[in-house]
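Here's the structure we're looking at; comments come further down.
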Amino acid sequence: MIAVNPEYAELFPDHEGDKMRTSPILLTILMTASVQAATPTDLMKGYAAEASRQQAGFTPAAKRGADLYQRNFGISAKMPSCTSCHGDDPTQGGRHSVTTKAIKPLAPAANPERFTDRAKADKWFGRNCKEVLGRDCTAAEKADFIAFLTGGR
Amino acid sequence: MRHPSSLIVMRGLASPRNRKDFTRMFTHRQRARNACLFALLLSLPLAAGADKLVIPANAPPAFQAECGACHLAFPPTLLDARGWRAVMGRLDRHYGDNASLDEPARRAIEDFLVRHAGGDKVRAPVSANGEPPRLTASPWFKRKHHEVPDKDWQDAKVKSPANCGACHTCAAEGSYREREIIMPNGRPWEEEDDDN
């Protein structure tokens with residue numbers, strides 16, 4: 001049982017002593033233990049398959065993805081483009097334009113965790129496309145985006 | 001900027017000729033971060049009770065993964081229950097950012113935050129522009145930081161008063177001891193004069 005400094009005690013209405021302490025190490029182990037079966041190519045093919053249902057013969061293009069990544073959409077003042085937070089070079093880390101929190105590289109070559117979890121990719125596309133483009137990204141755009149980040153491979 | 005983990009290795013491998021060399025190798029901030037990570041590595045308690053604002057162990061996995069993706073996953077005691085409900089009810093308008101979550105994750109995080117919320121001292125006013133309350137506007141936060149000069153809040157390395165880690169070098173580990181504070185000018189925090 002630990003004693004709470006009276007100055008801070010007001011913040012702990014239901015103070016439970018040492019039980020409250022979480023282990024960041026344990027948390028890291030739990031988080032990295034989640035299964036990652038898919039590859040960026042799998043995700044790209046998935047989005048491309050969706051896109052080809054609307055647009056026959058669709059193939060992902062790294063060049064279109066690069067344009068998407070670099071374009072200034074002018075919707076959000078603090079996040080006008082992907083590069084606002086992810087930086088000009090996706091193989092380098094970025095920095096959140098509001099909170100300054102470091103962001104790991106988007107390119108799978110530099111950060112193998114990227115685009116290995118479809119649900120996670122969907123979530124971040126969903127959130128960031130609305131923020132930066134002011135709308136949802138299309139499946140074609142998502143496939144192009146991954147094509148660009150994986151170097152078109 | 002060198003990655004902090006590489007500094008731990010450097011600290012062990014490098015053998016500076018004297019203390020002065022060693023001091024010059026690291027900035028105050030790097031040394032403070034090293035101390036944090038070193039303590040964490042050895043699982044030493046960073047702070048015992050006082051100045052400790054750790055995340056309760058029963059936090060849902062989504063808490064760190066979602067809240068911690070863009071900013072420090074703030075200790076729930078820093079805002080009252082009403083405040084957290086307001087924050088979690090408008091994630092699509094999250095202080096100028098869209099932080100929308102799927103409903104199960106949103107619900108799990110809100111329940112956790114409300115369960116461990118602070119009391120009246122951390123009740124923050126609702127902003128005029130309809131933004132959810134900010135934990136940095138609570139009476140407690142303001143009292144704790146009243147000695148911090150404006151120029152430090154406005155520093156480019158700080159950007160937002162919610163950027164705890166900008167000065168509290170062990171914030172990510174839940175420790176907010178005064179001796180861990182490194183101001184934006186790279187110097188440790190020194191109380192100017194005791195006025196309270």
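The values are calculated or read from the model by the stated rules, or taken from the named source; none is laboratory data. Keep in mind the model is a prediction, meaning the values are calculated, not measured. Glycine gets a Cβ as well: all are built from the backbone with ideal geometry, and neighbour counts include every protein chain shown. Quick note on the areas: whole protein, heavy atoms, side chains included, nothing else; ligands and nucleic acids left out. Shrake-Rupley method; radii C 1.70, N 1.55, O 1.52, S 1.80 Å.
Straight-line reach from B:Lys52: which lysines have a Cα under 22 Å away, not including same-chain ones fewer than 8 places off?
A:Lys19, A:Lys101, B:Lys121, B:Lys142, B:Lys144
Figure the gain on full extension for B:Ser100 and B:Ser127 (residue separation times 0.36 nm, minus the Cα-Cα span) and round it to one decimal in nm.
7.7 nm
How would A:Tyr69, B:Tyr176 line up by accessible area, probe 1.4 Å, largest first?
Greatest to least solvent exposure: B:Tyr176, A:Tyr69.
May I ask you to evaluate 6.51 cos²θ - 1.76 cosθ + 1.60, the Karplus curve with θ = phi - 60°, for each residue of region B:93-101 and list the ³J(HN,Hα) values in order in whole Hz, giving x for glycine and proline?
10, 9, 6, x, 9, 9, 10, 4, 10
Determine, from the Cβ-Cβ distance of B:Thr27 and A:Ala109 and an R0 of 30 Å, the FRET efficiency 1/(1 + (r/R0)^6), rounded to the nearest 0.05.
0.45
Take the Cβ-Cβ distance between B:Arg187 and A:Arg53 as r, set R0 to 41 Å, and report the resulting FRET efficiency rounded to the nearest 0.05.
With a Förster radius of 41 Å, E is 0.10.
List the trypsin sites (Lys or Arg not before Pro) within region A:32-82 that DSSP assigns to loop and that have no more than 15 neighbouring Cβ atoms inside 10 Å.
In loop regions of region A:32-82 (DSSP not H, G, I, E or B), the sparsely surrounded trypsin sites (Lys or Arg not before Pro) are A:Arg71, A:Lys78.
Per residue of region A:125-138, in order, report the coupling 6.51 cos²θ - 1.76 cosθ + 1.60 (Karplus, θ = phi - 60°) as ³J(HN,Hα) in whole Hz, putting x for Gly and Pro.
4, x, 6, 6, 5, 4, 5, 8, 8, x, 7, 6, 7, 7
Residues with amide H under 5 Å of A:Gly87's amide H, sequence separation 5 or more or different chain, H placed in the peptide plane at 1.01 Å from N; which?
A:Arg95
Take each of the peptides A:141-149, B:64-72, B:138-146, average the number of other beta-carbon atoms within 10 Å over its residues, and list them starting from the highest.
Going by the mean number of other Cβ atoms within 10 Å, highest first, we get A:141-149, B:64-72, B:138-146.
Report the label-to-label distance for A:Ala37 and A:Ile75 in nanometres (one decimal), using points 7 Å from each Cα along the Cα→Cβ vector.
3.2
Return the value, in Å² to the nearest 100, of accessible area buried between chains A and B (probe 1.4 Å, both sides summed).
Summing both chains' loss of accessible area gives about 3200 Å².
Near the amide H of B:Gly118, under 5 Å away, which other amide H atoms are found, from residues 5 or more places off or on another chain, if H is placed in the peptide plane?
B:Leu78, B:Leu79, B:Asp80, B:Ala81
On average, how many beta carbons from a partner chain sit within 10 Å of the beta carbon of a residue in A:123-134?
3
Could you derive backbone 3J(HN,Hα) for region A:53-65 from the dihedral phi with the Karplus parameters 6.51, -1.76 and 1.60 (θ = phi - 60°), listing whole Hz in sequence and x where the residue is Gly or Pro?
Once rounded to whole Hz, the list reads 6, 8, 9, 4, x, 5, 10, x, 10, 4, 5, 5, x.
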